[in-house]
Amino acid sequence: QVQLVESGGGLVQPGGSLRLSCAASGSIFSISVMGWYRQAPGKQRDMVAFITSLGRTNYADSVKGRFTISRNSAKNTVFLQMDSLKPEDTAVYYCYVDSLSSRSWGQGTQVTVSS
């Protein structure tokens, strides 16, 4: 079983920045993809960004140019640097990892962008 612990969420003003972290532990074998989804109140959970074991990245159109995903494979950790935040970025952010055809999720961290 894989455990994911997220940190870094909080309240920030529009235009501000936050950095989310997610550390994986437990029965980790050959993590292929690490990434982030988010879910705003009353909406579905949407992909934000992911990064493969080879460093290839993919972003949702709504965050391109503002968010940057990175990973430390040696520490099984993934990061999401969020800049130029907008009120519409407000959501619970969930990290995930894909390992040997199974997906594990973190518990979620709240990000609120408001003045």
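Derivation of every value follows stated rules applied to the coordinates shown; laboratory data play no part. Here the structure is a predicted model, which means the values were calculated and not measured. Neighbour counts are summed over all protein chains in view; Cβ atoms, including those assigned to glycine, are modelled from backbone coordinates with ideal geometry.
Going by average Cβ neighbours within 10 Å, how do the peptides 51-59, 69-77, 16-24 rank, with the highest at the top?
Top of the packing list down: 16-24, 69-77, 51-59.
Tell me, what is the FRET efficiency for Ala74 and Gln107 to the nearest 0.05, using R0 = 25 angstrom and their Cβ-Cβ distance as r? Don't skip to the answer; put the middle values down first.
Working: r = 24 Å, r/R0 = 0.94.
Working from the Cβ atoms, E equals 0.60.
How big is the charge dipole of the chain about its Cα centre, in debye rounded to the nearest 20, if each Lys and Arg gets +1 on its Cβ and each Asp and Glu gets -1 on its Cβ?
With Lys and Arg at +1 and Asp and Glu at -1, about 120 debye.
Per residue of the stretch 85-90, what does 6.51 cos²θ - 1.76 cosθ + 1.60 with θ = phi - 60° give for ³J(HN,Hα)? Whole Hz please, x for Gly and Pro, Karplus curve as stated.
5, 10, x, 6, 7, 4
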